[in-house]
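The values are calculated or read from the model by the stated rules, or taken from the named source; none is laboratory data. Note that the structure is a prediction, hence the values are computed from the model and not measured. Cβ atoms come from the backbone with ideal geometry, glycine included; neighbour counts cover every protein chain shown. Keep in mind that these areas ignore ligands, DNA and RNA; they rest on the heavy atoms of the full protein, side chains included. Shrake-Rupley method; radii C 1.70, N 1.55, O 1.52, S 1.80 Å.
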Amino acid sequence: MPTEEQFDQVADELLLNDMPVSLKTIRPGLIALTEVAGSNRELGPLLVAWKIKRNYRPKLDLKGLPERLQASFGALATAMWMEAQSDAAVKSIIDERNHEMALAARDAVLNEALASLDAAQEELAGMRERMQRLERQMGRVRAWDFWDAVMREVYELIPADGTLTAEAILPDLRASTIRGAALQHDDLTVPNLREKMRVRVTHGWYFTVDDHGNFARGAYPGTMRRRAGPA
């Protein structure tokens with residue numbers, strides 16, 4: 001198969017000699033140059049590339065015709081060429097308009113997609129905010145349930161007919177209770193335990209306390225889990 005340079009060389013010679021350039025006319029020159037012309041499938045792309053590079057347009061071969069016919073054919077060819085140019089111009093305008101319409105349609109689709117994306121992002125942000133609010137609410141519920149369980153445990157540690165201070169109660173709490181408070185990021189220390197017990201006292205739940213900080217058993221609310229309350 002000839003190279004692109006060899007093909008262009010033979011085609012340029014045909015063009016220089018005012019001969020038409022086609023697969024049929026170029027084959028002899030290729031055989032003379034390379035001894036192998038190649039198949040039409042191989043030469044076709046080379047011919048197309050050469051015509052594009054040279055902006056090649058075949059000419060009508062009017063040789064051998066009477067001069068009057070040659071003139072008529074020449075005038076006809078000119079008229080056909082002008083008509084073709086006119087059709088090409090119209091087609092170019094149509095193609096340009098179609099291209100503009102395609103671009104406008106593409107922009108419309110893109111704008112719609114971007115608007116949908118904006119709406120989806122706003123909805124996602126709203127969902128994220130609702131989820132965070134729900135997580136905070138669930139966190140408060142878990143904290144309330146945990147500390148309610150702690151207060152019940154403390155209640156059982158206080159003698160029915162006696163009192164205990166927070167300092168005396170804390171060492172007797174279960175290790176799992178201490179760990180649970182740490183997981184709540186609310187460590188069980190004496191001041192913290194005392195404060196949470198006093199909060200229950202103000203609500204009339206679980207305990208009473210005297211002026212010396214001694215806690216006794218108070219009302220044991222069986223319905224506390226169904227009410228909003230302090231942690």
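Between T34 and A143, the simple spin-label model (points 7 angstrom out along Cα→Cβ) gives 8.4 nm. Given +1 at the Cβ of Lys and Arg, -1 at the Cβ of Asp and Glu and no other charges, the dipole of region 157-221 around its Cα centre is 220 debye to the nearest 20.
Share of region 119-231's accessible area from carbon and sulfur, percent, 1.4 Å?
Details: 3750 of 7070 Å².
Looking at region 119-231 in its full context, I get 53 percent from C and S.
I need the calculated FRET efficiency for the pair A160 and Q184, taking r as the beta carbon distance and R₀ as 41 Å, to the nearest 0.05. That pair, A160 with Q184, gives E of 0.90.
Placing dummy labels 7 Å off each Cα toward the beta-carbon, the span from T25 to D211 is 12.6 nm. Extension gain, K53 to H99: 0.36 nm times the residue separation minus the Cα-Cα distance gives 14.0 nm.
Provide the per residue accessible area, probe 1.4 Å, for region 121-225, rounded to a whole number of square angstrom. Could you put the intermediate results ahead of the total?
Values: 6440 Å² over 105 residues.
For region 121-225, the solvent-accessible area averages 61 Å² per residue.
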